[in-house]
Amino acid sequence: MGFNLLANWKLNGSQAFYQRWFAEFNQHYEGSSYIGLGIAPPSVFLSAIAEYPSNPGIAVGSQNIDRFSSGARTGEISSSMVQDAGGLFSIIGHSERRANFGESDADISAKLDLAAQYSLEPILCIGESEEERAKNKTESILKHQVVQALEGCSVLNTLTIAYEPVWAIGRGSTPEPQEINSIHEMIKDVVQSRFSSIDLRAVLYGGSVSAKNSESIFKEKEIDGALVGGASLQGEDFASVANIFNDLKRL
Ligand code: PGA
């Protein structure tokens, strides 16, 4: 199963929050299929959301997993636990984890393999910083991140990538849609040419996606969907983005 639109709730939410979220989403979503839609809530809510009666069938996944499967790792959650709680995917290597929690390329490779081992679709996040972009290093940085993450993997066989320019996250600004499109094309080329045994299911864009800009973004051929942060916190906004996606690409 592939994912097209993922809600990344980050460190936000509560029981009351997700109850209200589903009421709003269900009221505004116009599609009939939920395949391709996912929510990455804070992990304490994962199984409750997977089983919540008003969840119409949206997949759940984690925002992170540990690089080990068990042991003396206070505070961490494993890939098998996410699977056991009903999770179907995990975001891996989000720029906030790389920057705030010191995640290395080796950590990310280990996590990708562990996700694969427990049948979680790994959503590998990559993206350049503002400074790297200013120095015209976007392409080389993204290639480096992809190669470093995938070279260390031995189990991984399917993958979704989220291209998330760090400077666009939570800022209200995005690259031009055509620019995102050509970056996605480049990412697909790198994976297909260097890691031909890996089935790259989709390349999503993330960074300030909203109901306002998603039409211009989803019109681009190589943009297979989005990882949505801020605009995923209201069920109505996420439903609007999903409705626009459905109109242009069909879930
Ligand atoms: P944003 O976050 O949509 O709020 O920019 C995206 C993300 O960090 O995944």
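Assorted remarks:
- Top-ranked residue in the range 64-86 [being open to solvent by 80 Å² or more (accessible area, probe 1.4 Å) and of a type outside the set (S, T, N, Q); ranked as farthest from CYS125 (Cα to Cα)]: ALA72
- Of the residues making up the range 53-87, those that are of a type outside the set (A, V, I, L, M, F, W, C), closer than 23 Å to TRP21 by Cβ and outside any loop (DSSP other than H, G, I, E, B) are GLY61, SER62.
- LEU248 passes every criterion in (1) open to solvent by 50 Å² or more (accessible area, probe 1.4 Å); (2) within 16 Å of the ligand (Cβ to nearest atom); (3) touching a helix residue (DSSP H, G or I) at 6+ places or on another chain (Cβ under 6 Å) apart from (2).
- Checking each residue in the range 155-184 for being more than 15 Å from the ligand (Cβ to nearest atom) and either within 19 Å of ASN4 (Cβ to Cβ) or in contact with a His (Cβ under 8 Å, 6 or more places away or on another chain) (or both) picks out THR158, LEU159, PRO177, ASN181, ILE183, HIS184.
- In summary, helices (runs of 4 or more DSSP H) completely within the range 88-141 and bearing 3 or more residues that are crowded, with 16+ Cβ neighbours inside 10 Å and within 16 Å of the ligand (Cβ to nearest atom) occur at 95-100.
- Of all the residues in the range 193-232, those that are open to solvent by 30 Å² or more (accessible area, probe 1.4 Å), in contact with a strand residue (DSSP E or B) (Cβ under 8 Å, 6 or more places away or on another chain) and in contact (Cβ under 8 Å) with a residue 60 or more places away in the chain number 2.
- Inspection of the range 150-166 finds no residue satisfying the criterion of being without any contact (Cβ under 8 Å) to a residue 40 or more places away in the chain and either surrounded by 14 or more Cβ atoms within 10 Å (Cβ to Cβ) or touching a helix residue (DSSP H, G or I) at 6+ places or on another chain (Cβ under 6 Å) (or both).
- Whichever residue in the range 188-205 is more than 16 Å from the ligand (Cβ to nearest atom) and of a type in the set (A, V, I, L, M, F, W, C) and, among such residues, is nearest to the chain's Cα centre (by Cα): LEU200
- Top-ranked residue of the range 206-237 - restricted to ones that are closer than 13 Å to LYS249 by Cβ and not in a loop (DSSP other than H, G, I, E, B), ranked as nearest to the chain's Cα centre (by Cα): ALA226
The values are calculated or read from the model by the stated rules, or taken from the named source; none is laboratory data. Note that the structure is predicted; figures quoted are calculated from it, not measured. Heads up, the Cβs are rebuilt from the backbone with ideal geometry, glycines too, and the neighbour counts pull from every protein chain shown. All accessible areas refer to the heavy atoms of the entire protein, side chains included, with ligands and DNA or RNA removed. Shrake-Rupley method; radii C 1.70, N 1.55, O 1.52, S 1.80 Å.
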